[in-house]
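*Asks:* Could you have a look at this structure, given as structure tokens, before my questions?
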Amino acid sequence: MSLNRNGVEGRVCVVTGGARGLGQAIAAALGAAGGRLAICDVLEDELAQTADKLRASGVEVFAAPCDVSDSAAVDAFFARVAEELGPAQVLINNAALVPGGPEDEVRRSKHYAYITTPVPRGSLGFTSAMSDAEWLKYWGVNVHGTFYCTRAALRQMEPRGYGRVVNIASVAGLSAYSAHSPHYSATKGAVVAFTRAVATEVAGANIFVNAIAPGGVATPMFDAYLEKLDEDARNRMFQFVPAGRLGTMEEYAGLAVYLAGDGHYLAGQIISPNGGMF
Ligand SMILES: NC(=O)c1ccc[n+]([C@@H]2O[C@H](COP(=O)([O-])OP(=O)(O)OC[C@H]3O[C@@H](n4cnc5c(N)ncnc54)[C@H](O)[C@@H]3O)[C@@H](O)[C@H]2O)c1
């Protein structure tokens with residue numbers, strides 16, 4: 001049986017939010033498996049640096065800035081991908097707003113203390129303090145962006161009868177572990193529901209859509225947050241992760257490459273690597 005380097009070799013693989021973090025790691029893993037990469041992000045400098053690094057390792061890369069929450073920009077990006085590399089065959093919907101700002105960290109720490117220590121009970125007050133703008137910003141990128149990119153990719157995949165789409169959801173969309181960020185949790189729940197619906201719709205065209213719903217990912221951003229916690233708070237956080245650590249980016253990227261390939265029969269599945277959390 002030939003796995004054709006997992007069925008990714010020579011395929012045109014689009015990774016959104018590929019400039020840093022998990023998206024960068026997934027792009028690198030797809031490139032190492034022989035994928036021809038198209039990556040986009042709103043972080044132009046980081047995107048250019050990532051593209052240079054990937055090219056230096058021998059990978060073919062088309063990189064262009066694109067805000068996935070902008071429908072016209074997404075369509076223009078996919079048109080460029082088709083021109084530069086050919087029609088998209090793999091799409092990794094990774095771009096997202098992830099709560100990591102100072103206010104997000106305050107809520108996160110308050111929530112983790114609440115569920116790991118006997119602090120007084122009461123409302124944590126996260127949803128009642130949420131502005132329309134914050135809520136809509138997250139939906140614009142995480143949900144509308146996933147839809148715009150999926151639609152643009154399907155327009156290239158459907159006529160050719162082949163495609164693999166991997167949506168990066170989160171354990172936040174399956175559980176209450178991210179109650180500190182109700183807007184983020186809601187968007188990831190929507191990504192889970194969209195994955196199941198669209199997977200059923202397109203599987204008959206040999207386009208398999210699945211989602212990865214990560215628990216904690218050891219990205220530089222998450223590591224920086226953990227560094228700021230005192231040892232006690234860090235230990236308390238890991239109380240609800242049976243594996244006692246975050247997943248590495250490589251552990252998640254390996255699964256993304258598997259789902260991006262043609263050596264499986266998975267469609268509409270939500271796979272949650274989470275160290276036993278959920
Ligand atoms: N880090 C975690 O613990 C964790 C856990 C569960 C799920 N996830 C998911 O993994 C994915 C990657 O997250 P990460 O932790 O690497 O965070 P990150 O912030 O480092 O990466 C997200 C990337 O998306 C880009 N992006 C944001 N808005 C964009 C837009 N409008 N258009 C294009 N690109 C945009 C960012 O610039 C960034 O490069 C996300 O979908 C996130 O929800 C992460």
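The values are calculated or read from the model by the stated rules, or taken from the named source; none is laboratory data. Small disclaimer: the values here were computed from a predicted structure and weren't measured. Positions of Cβ are backbone-derived with ideal geometry, glycine not excepted, and every protein chain shown enters the neighbour counts.
*Asks:* Restricting attention to segment 35-52, which residues are over 11 Å from Gly18 (Cα atoms) and touching a strand residue (DSSP E or B) at 6+ places or on another chain (Cβ under 9 Å)?
*Replies:* Hits for segment 35-52 are Gly35, Arg36, Asp52.
*Asks:* Consider Val12 against the criteria (1) aliphatic (A, V, I, L, M); (2) more than 17 Å from the chain's Cα centre (by Cα); (3) within 22 Å of Phe147 (Cβ to Cβ); (4) within 13 Å of the ligand (Cβ to nearest atom): it satisfies all of them except one. Which criterion is unmet?
*Replies:* Of (1) aliphatic (A, V, I, L, M); (2) more than 17 Å from the chain's Cα centre (by Cα); (3) within 22 Å of Phe147 (Cβ to Cβ); (4) within 13 Å of the ligand (Cβ to nearest atom), only one is false for Val12: (4).
*Asks:* Pairs needed: first member in segment 140-151, on the phi < 0 side of the Ramachandran plot and touching a residue at least 60 places away in the same chain (Cβ under 8 Å); second member anywhere, among the aromatic types (Phe, Trp, Tyr) and in a helix (DSSP H, G or I); C-beta distance under 7 Å; at least 6 residues apart or different chains.
*Replies:* As it stands, the answer is Thr146/Phe194, since those pairs meet every condition given.
Matching residues to (1) at pLDDT 90 or above; (2) more than 23 Å from Arg20 (Cβ to Cβ):
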| site | (1), (2) |
| --- | --- |
| Tyr225 | no, no |
| Gln239 | no, yes |
| Gly247 | yes, no |
| Glu250 | yes, no |
| Leu255 | yes, no |
| Tyr258 | yes, no |
| Ile270 | yes, yes |
| Asn274 | yes, no |
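*Asks:* If only one of Arg155, Arg164, Arg151, Arg160 is modelled with pLDDT of 95 or more, away from the ligand (no atom under 15 Å from the Cβ) and surrounded by 23 or more Cβ atoms within 10 Å (Cβ to Cβ), which one is it? Walk me through how you get there before you give the answer.
*Replies:* Values: Arg155 fails: surrounded by 23 or more Cβ atoms within 10 Å (Cβ to Cβ); Arg151 fails: surrounded by 23 or more Cβ atoms within 10 Å (Cβ to Cβ); Arg160 fails: surrounded by 23 or more Cβ atoms within 10 Å (Cβ to Cβ).
That would be Arg164, the only listed residue that is modelled with pLDDT of 95 or more, away from the ligand (no atom under 15 Å from the Cβ) and surrounded by 23 or more Cβ atoms within 10 Å (Cβ to Cβ).
*Asks:* When only residues in segment 66-96 that are of a type in the set (Asp, Glu) and not in a helix (DSSP H, G or I) count, which is nearest to the ligand (Cβ to nearest atom)?
*Replies:* Filtering segment 66-96 for residues of a type in the set (Asp, Glu) gives 67, 70, 75, 83-84.
Filter once more, keeping what is not in a helix (DSSP H, G or I): 67, 70.
Working: Asp67: 4, Asp70: 8 Å.
Here the answer is Asp67.
*Asks:* Quick test for you: out of Tyr148, Tyr162, Tyr177, pick the one residue that is over 26 Å from Met249 (Cβ atoms) and aromatic (Phe, Trp, Tyr).
*Replies:* Numbers: Tyr148 fails: over 26 Å from Met249 (Cβ atoms); Tyr177 fails: over 26 Å from Met249 (Cβ atoms).
Going through Tyr148, Tyr162, Tyr177 in turn, the sole match is Tyr162.
*Asks:* Separate question: Test each condition in (1) surrounded by 20 or more Cβ atoms within 10 Å (Cβ to Cβ); (2) assigned to a loop (DSSP other than H, G, I, E, B); (3) more than 11 Å from the ligand (Cβ to nearest atom) for Ala179 and report the one that comes out false.
*Replies:* (1)
*Asks:* Tell me the residue from Ala224, Ala243 that is farther than 16 Å from Thr146 by Cα, within 11 Å of the ligand (Cβ to nearest atom) and either without any contact (Cβ under 8 Å) to a residue 24 or more places away in the chain or not in a helix (DSSP H, G or I) (or both), please. Full working, then the answer.
*Replies:* Details: Ala243 fails: within 11 Å of the ligand (Cβ to nearest atom).
Answer to the check: Ala224.
*Asks:* Turning to a different aspect of this structure: Any residue at all in segment 6-23 that is of a type in the set (A, V, I, L, M, F, W, C), over 27 Å from Trp139 (Cα atoms) and in a strand (DSSP E or B)? Spell out how you get there, then give the answer.
*Replies:* We begin by selecting, within segment 6-23, every residue of a type in the set (A, V, I, L, M, F, W, C); these are 8, 12-15, 19, 22.
If we keep only those that are over 27 Å from Trp139 (Cα atoms) as well, we get 8, 12.
Subsequent filtering for residues that are in a strand (DSSP E or B) retains 12.
Yes, because at least one residue in segment 6-23 is of a type in the set (A, V, I, L, M, F, W, C), over 27 Å from Trp139 (Cα atoms) and in a strand (DSSP E or B).
*Asks:* A further question on this structure: Testing Gly100 on (1) of a type in the set (Gly, Ala, Ser); (2) away from the ligand (no atom under 13 Å from the Cβ); (3) on the phi < 0 side of the Ramachandran plot, one condition comes back false. Which one is that?
*Replies:* The number of the failed condition is (2).
*Asks:* With the structure loaded, tell me whether Leu47 is buried (at least 20 other Cβ atoms within 10 Å of the Cβ), within 10 Å of the ligand (Cβ to nearest atom) and at pLDDT 95 or above or whether it fails that test.
*Replies:* On the way: buried (at least 20 other Cβ atoms within 10 Å of the Cβ): yes; within 10 Å of the ligand (Cβ to nearest atom): yes; at pLDDT 95 or above: yes.
So Leu47 passes the test.
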